[in-house]
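Take a look at the structure below.
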Amino acid sequence: MIPLRVSAAAIALLLLLRAVMAALLPLSGDEAYYWLWSRHLSLGYYDHPPAIAWLIRLGTLLLGDTELGVRLSGVLLSLPATWFVWRAAALLFDDPSSPVSDAKDGGGIKDRAALAALLFNLTLMASVELLAATPDMPSLVAASAFVFALAKVRQGHPPLRARSALAGEVPVAGPGASEGRRGSGIWWLAVGVAGGLGLLSKYSGLFLGAGALAWLVADRDARKWLATPWPWAGAGVALLIWTPHLWWQSQHGWMTFAFQFGRVSSGGLTWRFLAEFAAAQAAMATPLIFVLMLAGLWRASRLSSPLLMPAALAWVGIAYFLGHALHDRVRGNWPCFLYRALAILAAQAFTLAGRMRWLSLAAAPLAAVLLLLAYAQAQFGVIPLAKDPAARLLGRDFRPAADVAAALAGTGLAKAILTTDYETTAWLRFYYPKVPVAQVNQPQRYLWAPSLPPDRSKGLMIYLVEARRDRRADVQAHFRRVGFPTQLQTPRSLYLAYPVEQPRQAVVGRMP
């Protein structure tokens, strides 16, 4: 077992490294896009609920429109997210019926709880999603708080009644069964707060509520809560927090619901995406931690298991993604909200590995090596890859092409730069703030943005696009003249710069 002080020191180093990388790495296209949201605060947006925009705005108010300013909230919220996982693990392991409980002294429990927090921070999923300013970041933090609050609820369960009686708590009549149970009922309100904040971050928060319900139904002791008002009060708190966003949706045609739930495809049955999903999660968790997660999940899935609660939270999401993967692709980041519960279960498997002890001992070092390699690749490109996903994600090939287009616009030779994808739009607005930029399609993404003014649209403009995303037809729908493109070759990508003139109508795009 890794001693608590070693885990704590490793976690501190990981959080410090995350802050350094947050300052050094350029913004991804998605991060720059959410930064655009933060300049126009709202109760909702086309793609997601608003929490990430509010958090980015707080960071940029403190540090300005810089990479670290955009990511500051994620860096700071890594601390409570880690603490929630740590404390939730300690509460769940501190159970006489738990196989990882150490009744003689708390040192074993503390070591295992710290290990859960360490394994969580060693996964590429947590390291990337808590660094990047995307909706997954507040979703991760809210889900961590959700697991912690449910662990506090579980403290009042019958396995702990003997200990409560020794502490002088007096049983009372009614569904609560004891003062310990009645006191822990208050934590259902905290569950509701965490769930509501999760729903303001990303709709995957619905899976947390479904997982909690699955636990209440599956666990014989937890089932008694259903006869009390506490779980329903928690659900009401979550709905109350979510209500402003629901009101915004009702005023905008439920556009985010249509966009997100419209992704649920009814395509034919295939095994291809299932294998892709498993491989992506093995990479995001790192391979050996992934095996520990699966082993811990299997052990905790018995109805008599003291760790049934985190297992239930995980299984609901996993069941959905497995079903989705049978007919469509599951993006690697989608299951991020499951990783708090899975990290706790991985820590359990670490202590019970038996013949697989070598795997447990190698899991953390291998994850650390892979994480450092991922950071080095993102910052320095240490491995020369023809198709480097980190370089594409962070727009390293975009900047040389954008420099040329921005120079033409900056000298007045071009009135504005036109775009047809939100990444190009957002990168240009963040890194070239003085250059006029207008996206000619997808107006639903920029409900707050003004139209390109007539004096800007009457001169020569440049349509900048990566060749593989060329949507010249969209531009031709708005302009009478779209000339032959100039090719701008970057190390891994080809960009096209079209001369564009003579708008067909007064409104030809929005300027976010």
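The values are calculated or read from the model by the stated rules, or taken from the named source; none is laboratory data. Source: prediction; values computed, not measured. FYI the Cβ positions are ideal-geometry reconstructions off the backbone, even for glycines, and counts take in every protein chain you see. SASA here: full protein model, heavy atoms, side chains in, ligands and nucleic acids out. Shrake-Rupley method; radii C 1.70, N 1.55, O 1.52, S 1.80 Å.
A few comments on the model shown:
- Exactly one residue out of Ala311, Ala295 is part of a helix (DSSP H, G or I), of a type outside the set (Phe, Trp, Tyr), within 30 Å of Tyr203 (Cα to Cα) and under 21 Å from the mean Cα position of the chain (by Cα): that is Ala311.
- Matching option when the condition is open to solvent by 30 Å² or more (accessible area, probe 1.4 Å), small (Gly, Ala, Ser) and touching a Leu at 6+ places or on another chain (Cβ under 9 Å), among Ala368, Ala401: Ala368
- Wholly within the stretch 345-427, helices (runs of 4 or more DSSP H) carrying at least 2 residues that are among the small types (Gly, Ala, Ser) and closer than 23 Å to Met125 by Cβ: 357-380, 389-393
- Test: residue in the stretch 103-124 that is assigned to a loop (DSSP other than H, G, I, E, B) and modelled with pLDDT of 95 or more: yes
- Count of residues meeting criterion [open to solvent by 20 Å² or more (accessible area, probe 1.4 Å), assigned to a helix (DSSP H, G or I) and more than 13 Å from Gly196 (Cα to Cα)] in the stretch 207-224: 7
- Whichever residue in the stretch 319-336 is closer than 15 Å to Ala143 by Cα and in a helix (DSSP H, G or I) and, among such residues, is most open to solvent (accessible area, probe 1.4 Å): Trp334
- Tally, over the stretch 149-204, of residues that are closer than 30 Å to Trp248 by Cα and either touching a Ser or Thr at 6+ places or on another chain (Cβ under 7 Å) or modelled with pLDDT under 50 (or both): 4
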